[in-house]
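Below you'll find the structure, written out as structure tokens, and then a few comments.
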Amino acid sequence: MKRKAMYYRNEEDTTLVCELCPKYCVLTDGALGGCRARKNLGGILMATNYALATGLSLDRIEKKPLYHYYPGSRILSLGPNSCNLQCSFCQNYQISQMHAATQEISPEFLRDVIAQHCAEALQVAFTYTEPLTWYEYILDFARENPEVRIVLVTNGYINPRPLAELLPHVSAMNIDLKAMSESFYASECRGHLEPVLENIRACVAAGVHLELTFLLIPGLNDAPSELMAMRDFIAELNPELPLHVSAYHRIIR
Amino acid sequence: MIAPATKTEHIASAIKVFKESLVNVYGGNLPVSDFMDTLCRSCGTRLIARTHGKTQNFLNGEGSCPQCGTKAYGVYA
């Protein structure tokens, strides 16, 4: 399936700038974005990962993790073969950072699978890798299926305008807060901290059910001052916001 | 990047810092089932019991504590 991407601007000739996330990749004709999900084809940005899923399974919602959202329910889960951050500690880099096998799951087929396997609660999680790099697919699906609860498990790395367009369709989110230092986001993730904090604030303001995940990596993002800064940031938003402190497992690349 | 794997003790001590101001803090991705239950923020009653394979929900219909009636954060019905 082919779908023109949203959120980009044309520069001179056929060069364009992707405006979906704060990376603002500059793409000449034929170039692929840093997320490996969007490609400049003759001056038009295409979502080349549209409807292509790396995995499709039925999970307990606790596994997302979401602990305060329909506890014990089952949720169909799938994700694209792409991500817009490049974390040195990625726990599933085989499907987020490298080419992996995908299967096509059209929005119509996805609707059928959800109806078949989650009949007691129509809900779907876009997860495993980075769903925000599946922007058009998720937005198309959500618009056509307002009765299905949409869950995103995400790094929260997106620009304000596309986030604002997507949020009214989203029921619940788990956003990764990877650290409280800009230097960690810059050196370990090739991104920036502030857009993530800004988007967490926006999700709280929009009233989406939100939980946060912090992957603790000993010696890298667990300095007492950093933990306290994270605690105070969350407490100021809402002291009841659930926080999942997750264990890092060593990876061998 | 070379970093040692996170031990349960690391998670436990971080959770202690977070709980100074936050109500719902959990440990994840651990071999143990500690740090997984939800307790009432007012009276401490166990509201949701979790293990790696099972969730038991003791909340009243709309998501309030069966003992003191305090509403739990979240969406339950």
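So the values come out like this:
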read-out: FRET efficiency, 1/(1 + (r/R0)^6) with R0 35 Å, evaluated for A:A164 and A:H249 via beta carbons; value: 0.50
read-out: Alpha carbon Rg of region B:29-77, scaled by the compact-globule rule 2.2 N^0.38 Å; value: 1.16
read-out: Among B:G44, B:G63, B:G53, residue whose mean-square fluctuation peaks in a GNM of chain B (springs only between Cα atoms under 10 Å); value: B:G53
read-out: C-alpha center-to-center spacing [region A:7-36, chain B] in angstrom; value: 42
read-out: Equivalent-ellipsoid semi-axes of region A:122-181, from the Cα gyration tensor, Å, largest first; value: 20, 13, 10
read-out: Residue mean of other protein chain beta carbons inside 10 Å, A:200-207; value: 0
read-out: Among A:N159, A:N221, A:N238: highest mean-square fluctuation, GNM of chain A, C-alpha pairs under 10 Å; value: A:N238
read-out: Region A:77-94-region A:133-204 distance, computed between alpha-carbon centres (Å); value: 14
read-out: Label-reachable residues, region A:141-175, where backbone N falls under 14 Å from a point 7 Å from A:N238's Cα toward its Cβ; value: A:171-175
read-out: Computed magnitude of the charge dipole of chain A (debye, nearest 20; Cβ of K, R +1, Cβ of D, E -1); value: 500
read-out: Label-point separation in nm, B:C43 to A:V204, each point 7 Å along Cα→Cβ; value: 2.9
read-out: Most fluctuating residue given options A:Y185, A:Y157, A:Y128, as computed from a GNM of chain A linking Cα atoms under 10 Å; value: A:Y185
read-out: Along principal axes, Cα extents of region A:52-247, largest first, whole Å; value: 48, 36, 32
read-out: Per-q log10 I(q)/I(0), the protein assembly as shown, q = 0.06, 0.12 Å⁻¹ (Debye; single scatterer per alpha-carbon; no solvent); value: -0.20, -0.84
read-out: Distance in nm between pseudo-label sites at B:T8 and A:K4 (7 Å out along the Cβ direction from Cα); value: 5.6
read-out: Segment A:A229-A:A186, length gained on full extension (0.36 nm per residue, minus Cα span); value: 13.7 nm
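Each value in this text was obtained by applying a stated rule to the coordinates, not by laboratory testing. Just so you know, these numbers come straight off a predicted model, no measurement behind them. Neighbour counts run over all protein chains shown; Cβ positions are idealised from the backbone, glycine included.
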